[in-house]
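**Student:** Pasting in a structure now, in structure tokens, and then I'll have a few things to ask.
The numbers here are math on the coordinates, done by the rules we state, and not lab data. These numbers were taken from a predicted model, which means no experiment stands behind them. All Cβ positions, even for glycine, are placed from backbone atoms using ideal geometry, and neighbour counts span all protein chains on display.
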Amino acid sequence: MIMLDPNVPAGPLEMKWDRRRFSGHLVSPANKRRIKIIVVGTGLAGASAASTLGQLGYQVECFCFHDSPRRAHSIAAQGGINAAKNYQDDGDSVARLFYDTIKGGDFRSREANVYRLAQISTQIIDQCVALGVPFAREYGGQLANRSFGGVQVSRTFYCRGQTGQQLLLGAYSALCWQIERGQVTMRPRTEMLDVIVVDGHARGIVVRDLVTGRLSAHTAHAVVLATGGYSNVYYLSTNASGCNVTATYRAWKQGAAFANPSFTQIHPTAIPPVGAHQAKLTLMSESLRNDGRLWVPVSPSDRRPPNEIPPSERDYFLERRYPRFGNLVPRDVASRAVKAICDEGYGVGPGGQGVYLDFSDVIWQQGIDVVRERYGNLFEMYERITGENAYEVPMRIYPAPHYTMGGLWVDYNLMSTIPGLFVVGEANFADHGANRLGASSLMQGLADGYFILPYTIGHYLATVDSPPITEDHSASRAALERVEARLKKLLQGKGRQRTASSFHRALGKILWDHCGMSRCAAGLRGALEAIPSLREEFWRDVVVPGSGEAFNQELEYAGRVADFLEFAELMCHDALHREESCGAHFREEYQTEEGEPRRDDERFAYVAAWEYREGETPVLHKEPLNFEFVQPTTRSYQ
Amino acid sequence: MSRVKVFFNSSVNSKIVASLAGLGLVGFVIFHMLGNLQVFEGSDAINGYASILRDMPILLWTARVGLLAVAGVHVGLTLRLALRNRQARSVAYAARRYRFASVASRTMALTGSLLLMFIIFHLLHLTAGVIDPPALDGLDAQGRIDVYGKIVHAFSNPLYVGIYVAGQLVLGLHLSHAVSSVFQTWGIEHAALDHLFKLAGPGVALFVVLGNLAIIFAVFLGLLRT
Amino acid sequence: MKFTLRIWRQGGPNERGGFVTYLADEVSPDMSFLEMLDALNQRLIAAGEEPVAFEHDCREGICGSCSLVIDGVPHGPDRGVTTCQLYMRRFADEKTITIEPWRAKAFPIIKDLVVDRRALDRIMQAGGYISVNTGGAVDGNTLLIGKDEAETAMDAASCIGCGACVAACKNASAMLFVAAKVSHLAMLPQGKPERTRRVMAMVQAMEREGFGSCGNQYECEAVCPKHVSVRFIAMLNREYLRSGILGTKIPARSDPPHGESY
């Protein structure tokens, strides 16, 4: 039976983190050398956690499935990272970043966590600068900022359109240092396939060496999952092809509660899909909305090229519906508006899936060079993919699954419901509530990894009594057997020769249609019927060539699809039970007459944490959200 | 490992030293070419020039030994680098296309080896006189070594003209990449001057090759004769 | 569109490889190069054959995973892109396309078109970092960095570690990769304290891994998906020279023991 204790320290909001740091027990330096911590994943959260833990003197073993820790998908974040530095003196503060984030998340996140995130944000920038991250600078040498993603202050730090890359390379370089020092043992091309739980505590993982196919158990005193999000459950998303839910999902099956799995963010500005062959959707940075204007023709039958449509016959629908924020409304609002207008038949481009994102006004006002300097690489990318020159014709964009706010449930100390299993970054559910603001994921990943986990894990390690266990402990052997059995089953299916990818695509369509940007009870119930039968077909018909004892990319992929096929059901259960619209979760039954979401704080001001029960429907646990310091308001951007 | 070995295990160090030696050789080649241009002033001038050099045996032999040492360092280091480079890719590409890399830059090892063979030939031919010496005793009227006569004798023969013209082309190719390369190897880069550095190689190559070819063709076309 | 693909197939690191010819038909000009290979693999898998192993992840040109030599040029015919950003409209219909892995002794083949690039990580571990602890960093604006310096540092830092420079280099040299990191960190005030040690250690690691030396041919820049300039190699050479001259410091004297013991 799962107990959800958020473990938030008492006291005023500003003091909570300080109090936790002071009250936390410390591990003595001599003992740290004897303590081993496993970190899975080397994105922003994983790399920063592993390097900091190594620096503190723990023995760290770090795993990633890529060929190098530098390739984690954090690298693709374009826009920037928020911090309440208030360098621009435009009224920013920790309190404002806190409020923007909690409001942006539609009051479905924990106050204490979000406040801590805002507090730590400023340290992150300093740390990254110290690591040599080449942030954009003003001529005078000071750090530059831009305004980003639906906030009214300029608090976003950036490295051209490659902020995620530079922050990740910074964390990766810190990791390299610790590897060189012998504090971190790095194991690339290794995929985690199960958690080893001994006496209720996470004590290790089972991994598959992706080159040799060898399975092995690794034990430790604590396990940190930094395995990212699961947007790829939709098949088409902005995520890298390797992103998956396997690590967190298998932890769930071992007893870690999964929180708010249906909170998935759909990013408004991706390049529209063009055909069935498409393997991913390419994101165009949200910063484009700072200068670009979204519109569709007033008449749905208007088939003229965009430049020939006079301004009076264009519907700048975001500016019309949200006059105060205009094109800068948060992601969920923008995505829904785009989808709604396309569903009404106003969409442009192939299949009517797209709206214009037009830069002609800013080019006219500020000159083409300004636009080129700000967005040159994005325009280039757009042209390469679509063959169109966006300086001359407006871009076409369409929403795409992008980020998952849901994840393993963690308490204030980032520990899951399995003691000793910590979850950081996108893999946990913690800070973004029902919707994430732009430039906040990098902030959260680094806050977790550099500054929060290293403290809280120390307290756990100092207070827990973990007897040494060996790799052939019965729990390890059981976990190994589970993994082996599953791999064997995957390699057996030689039915009607359908590829894992075709199942993945079918699953993606079910979810996009029924558990995507807008959901309804009937659709979700339909999905809950369709998914198990698809899963059954999968296990009957899927074909995985080659063997398990060698490098076998299709086997890796099929294993991830198999987990998606189970996990999707959990998402639908969560979406179905939440009978309100909040943030990225939009239930068609719960909207105002103007089509705006209707939140229900009476019934749903809680975190939905799901417990796995073998062969049964998942069991819901609720962590009530008490707002002591801010009053939930209707999130209106009109 | 000895310090010298450690030093030269670094390809960057090897390249810096090899390029220094190479520059020395370039200096010699230019000096050699300018000196030889004196054939255009007639046999007296060039034979006199040669005898002045020979009248200072200590200087001459120091220069010769020095030159040999410098050439040895250059050849030794670049050969070692070339071998290591070859090892760095054990399986070749089936299809290979270069986008930037010039023919000269890709064939440095080849042109270098050919150049070495050409120089040995040249030493045996015109310096030591082992190959095809002129029929006479090789002294001019004043009893000096008749360099002029040797040159005219050599380049009246189409076979040697062919060999020397080919040698000059190889030299030109080698120098055109080598000289520009020196700037990069020494870390000299400058936004405004980079294109001059790029032109330096072909410029020096052209200068040396044209000067040398002028002598060869002047003889071959009968402008210089005994 | 229709293409004939000559693809390098190799079962494992120690097995013999060779080219196998496949026909790719029903290719749409809007497909990316990797999507074209995906389609081929789907066909192979459905037929129970082993798909062509190739590396890919983000598919937007930033992770550095993809690594194909296409008709003799790493990342294919377009400049400034990775293989995943290459679109089939770029190719003439009915063409024969040869696809090979990165070839270098330091990049052993794992399977088909997948190579092991850990050598690059080991170079980074030798010194591609600034040794600062987490916590206690001074305010980001304490050390001012001019816009131009910051931009140049960013130009160098934009390297994605794909290894195309090595694949393209006649000598399979990793100089551009090393130069990008050395220059990035040497240019920033935060990286200056360790610059002497860093450049020495990284170049040494590069030699140890069996990469070749720089022939100043600049093919690396020509194929670099991020346009990292060979001027950074000049900068590396300069840093190296500088370290060679300044690196020999007056040796630090170890303090004589005090009466007090620790």
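**Student:** Roughly speaking, what is the stretch gain from A:Y316 to A:A485, that is 0.36 nm per residue apart minus the C-alpha to C-alpha distance, in nm to one decimal?
**Tutor:** Taking 0.36 nm per residue and subtracting the Cα distance, the gain is 55.3 nm.
**Student:** Where does each of A:479-487, A:188-196, A:163-171, B:200-208 land if you order them by average Cβ count within 10 Å, highest first?
**Tutor:** The most tightly packed comes first, giving A:163-171, A:188-196, B:200-208, A:479-487.
**Student:** For the range C:1-102, rounded, prolate or oblate, judged on the Cα gyration tensor with a ≥ b ≥ c (square roots of eigenvalues), a/c < 1.5 rounded, else prolate if a/b > b/c?
**Tutor:** rounded
**Student:** Give A:K280/C:K111; A:K489/A:K622; A:K339/A:K509; A:K36/A:K488 a once-over and call out the pairs whose C-alpha atoms are over 27 Å from each other.
**Tutor:** A:K489/A:K622; A:K36/A:K488
**Student:** What is the mean projected area of the alpha carbon convex hull for the range A:1-58, to one decimal in square nanometres?
**Tutor:** 6.2 nm²
**Student:** Given the range C:118-246, what whole percent of its Cα pairs are spread farther than 20 Å?
**Tutor:** Counting every Cα pair in the range C:118-246, those more than 20 Å apart make up 42 percent.
**Student:** Residues in the range B:49-79, backbone N under 17 Å from the label point at B:V130 (7 Å along the Cα-to-beta-carbon vector): list them, ranges by number please.
**Tutor:** Backbone N within reach: B:65, B:68.
**Student:** What shape does the range A:474-606 take by its C-alpha gyration tensor, where a ≥ b ≥ c are the square roots of the eigenvalues and a/c under 1.5 counts as rounded, a/b above b/c as prolate, and the rest as oblate?
**Tutor:** Cα axes put the range A:474-606 in the prolate bin.
**Student:** Roughly speaking, what is the centre-to-centre gap between the range C:69-144 and the range A:125-195 when only Cα atoms are used, to the nearest Å?
**Tutor:** That distance is 19 Å.
**Student:** Would you mind getting me the FRET efficiency between A:H25 and A:R181? Use the beta-carbon distance for r and R0 = 30 Å, nearest 0.05.
**Tutor:** FRET efficiency, A:H25 to A:R181: 0.75.
**Student:** With a point put 7 Å past each Cα toward its Cβ, work out how far C:K192 is from B:L199 in nm, to one decimal.
**Tutor:** Those two pseudo-labels are separated by 3.6 nm.
**Student:** Continuing with the same structure: Roughly speaking, what is the stretch gain from A:A521 to A:R304, that is 0.36 nm per residue apart minus the C-alpha to C-alpha distance, in nm to one decimal? Walk me through the numbers on the way to the answer.
**Tutor:** Values: separation 217, 0.36 × 217 = 78.12 nm, distance 3.88 nm.
So the extension gain works out to 74.2 nm.
**Student:** Enter the mean number of other protein chain beta carbons within 10 Å of the beta carbon of each residue in A:169-179, as an integer. Each step should come with its number before you reach the end.
**Tutor:** Details: counts 10, 3, 1, 5, 10, 6, 4, 9, 9, 3, 5.
Taking the mean over all residues of the peptide, I get 6.
**Student:** Now for a different question. What does the structure give for A:209-219 when I average, per residue, the other chain Cβ atoms found within 10 Å of the residue Cβ? Show your work: numbers first, answer last.
**Tutor:** Values: counts 0, 2, 6, 2, 0, 0, 0, 0, 0, 0, 0.
For this peptide, the per-residue mean of nearby foreign Cβ atoms is 1.
**Student:** Moving to a separate point now. Based on the Cβ-Cβ distance from A:K622 to C:L143, what FRET efficiency comes out when R0 is 56 Å, to the nearest 0.05?
**Tutor:** E between A:K622 and C:L143, to the nearest 0.05, is 0.70.
**Student:** Now, a different point. Could you tell me, in Å, what Rg and Dmax come out for the Cα atoms of the protein assembly as shown?
**Tutor:** According to the Cα coordinates of the protein assembly as shown, Rg and Dmax are 33.5, 121 Å.
**Student:** Could you order peptides A:434-447, B:146-159, A:101-114 by the average number of other Cβ atoms within 10 Å of their residues, highest first?
**Tutor:** Put in order of decreasing packing, that is A:434-447, A:101-114, B:146-159.
**Student:** With each label point set 7 Å from Cα along the Cα-Cβ vector, what nm distance links B:L159 and A:T212?
**Tutor:** Distance between label points: 6.5 nm.
**Student:** Which order do peptides B:65-74, A:256-265, C:80-89, A:43-52 fall in by mean Cβ count within 10 Å, highest first?
**Tutor:** Highest mean packing first, the order is A:43-52, A:256-265, C:80-89, B:65-74.
**Student:** Here's another thing I want to ask about it. Once you've got the GNM for chain C with C-alpha springs shorter than 10 Å, pick whichever of C:E60, C:E219, C:E100 has the biggest mean-square fluctuation.
**Tutor:** The residue that fluctuates most here is C:E60.
**Student:** Average projected area of the Cα convex hull of the range A:269-401, in nm²?
**Tutor:** For the Cα atoms of the range A:269-401, the hull's average projected area reads 7.8 nm².
**Student:** When only alpha-carbon atoms are used, what values of Rg and Dmax, in angstrom, describe chain C?
**Tutor:** Rg, Dmax (Cα atoms, Å): 22.3, 85.
**Student:** Expressed as a whole number of Å, what is the distance separating the alpha-carbon centroids of the range B:155-226 and the range A:584-638?
**Tutor:** Cα centroid of the range A:584-638 versus Cα centroid of the range B:155-226: 79 Å apart.
**Student:** Continuing with the same structure: Just to be sure I understand: with springs between alpha-carbon atoms less than 10 Å apart, which residue in B:N85, B:N212, B:N47 has the highest mean-square fluctuation in the Gaussian network model of chain B?
**Tutor:** B:N85
**Student:** Taking beta carbons within 10 Å but only from partner chains, what does the mean come to for residues C:155-161?
**Tutor:** Average neighbour count from other chains, rounded to a whole number: 5.
**Student:** Given charges of +1 on the Cβ of Lys and Arg and -1 on the Cβ of Asp and Glu, with all other atoms neutral, how large is the dipole of the range A:156-270 about its Cα centre, in debye to the nearest 20?
**Tutor:** 120 debye
**Student:** Right, here's the next one. Of all chymotrypsin sites (Phe, Trp or Tyr not before Pro) in the range A:116-213, which ones are in loop regions per DSSP and have a Cβ with at most 13 other Cβ atoms within 10 Å?
**Tutor:** Answer in residue order: A:Y139.
**Student:** Using a basic spin-label model with each label point 7 Å from the Cα along Cα→Cβ, how many nm lie between A:E602 and C:R79?
**Tutor:** Rounded to a tenth, the inter-label distance reads 6.7 nm.
**Student:** Search the structure for amide H atoms under 5 Å from the amide H of C:T98, placed 1.01 Å from N in the peptide plane, and list their residues when 5 or more places away or on another chain.
**Tutor:** Amide H to amide H, under 5 Å and 5 or more residues apart or across chains, C:T98 pairs with C:R6, C:D71.
**Student:** Have a look at B:S105, B:S90, B:S43 and tell me which one the Gaussian network model of chain B (Cα, springs below 10 Å) gives the largest fluctuation.
**Tutor:** B:S90
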